[in-house]
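The values are calculated or read from the model by the stated rules, or taken from the named source; none is laboratory data. Remember, it's a predicted structure, so these values are computed and weren't measured experimentally. Note that we place each Cβ from the backbone using ideal geometry, even for glycine, and neighbour counts take in every protein chain shown. Each accessible area value is taken on the protein alone, full model and side chains, heavy atoms only, with ligands, DNA and RNA left out. Shrake-Rupley method; radii C 1.70, N 1.55, O 1.52, S 1.80 Å.
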Amino acid sequence: MPNTPPERFSRYVAEAARAAGYDLDGPRGGGRKALAEAAGLSASAVSRTLAGQTLPELSSFRPLARALEVSTEDLLRAAGVLDGEAGGPAPLSLTATEAARRLGIRAVEHIAAFKVLVSALQRAEDSSQG
């Protein structure tokens, strides 16, 4: 069970990153690299943070929170900078276009096809529950 501030923070960041759609467990580290880019951090800084070795610089908390889709206050609480308990990552709410892009779908025609598929699945869900 993590008990140092960097270890607790690491667990929080990893959970939030996965909830935000970053694949941290992929064999090539693509999710870690994507998180680093989205937060404006170096890949090594993200790796050290996720390994529970260090906390990021204070100036990095706001962009990291944005990339993780959590509040800056919750991120600061998770790091032990602010008092109180950090809430868990909020449920992810994405448009079909955002989801497609997070999945690595970039071509306009593929995004359009993805949106049609998502719409059909949503209608099927609605009709099966109603």
Among residues of segment 59-69 being open to solvent by 60 Å² or more (accessible area, probe 1.4 Å) and part of a helix (DSSP H, G or I), the residue nearest to residue 16 (Cα to Cα) is 66
Flagged in segment 15-40 as touching a helix residue (DSSP H, G or I) at 6+ places or on another chain (Cβ under 6 Å) and open to solvent by less than 50 Å² (accessible area, probe 1.4 Å), in numbering order, are 16, 17, 20, 21, 22, 24, 35, 36, 39
Mind checking whether some residue in segment 42-60 is within 12 Å of the chain's Cα centre (by Cα) and of a type outside the set (Lys, Arg)? no
Practice problem: Output yes when any residue across segment 48-58 is surrounded by 14 or more Cβ atoms within 10 Å (Cβ to Cβ) and under 18 Å from residue 101 (Cβ atoms), and no when none is. | Solution: no
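Given 126, 83, which one is touching a helix residue (DSSP H, G or I) at 6+ places or on another chain (Cβ under 8 Å), at pLDDT below 85 and open to solvent by 70 Å² or more (accessible area, probe 1.4 Å)?
Working: 126 fails: touching a helix residue (DSSP H, G or I) at 6+ places or on another chain (Cβ under 8 Å).
Only one candidate passes the filter, namely 83.
Being at pLDDT 85 or above and either of a type outside the set (A, V, I, L, M, F, W, C) or farther than 15 Å from residue 10 by Cβ (or both) narrows it down to one of 29, 88, 52, so name that one.
Values: 29 fails: at pLDDT 85 or above; 88 fails: at pLDDT 85 or above.
Testing whether each residue is at pLDDT 85 or above and either of a type outside the set (A, V, I, L, M, F, W, C) or farther than 15 Å from residue 10 by Cβ (or both) leaves just 52.
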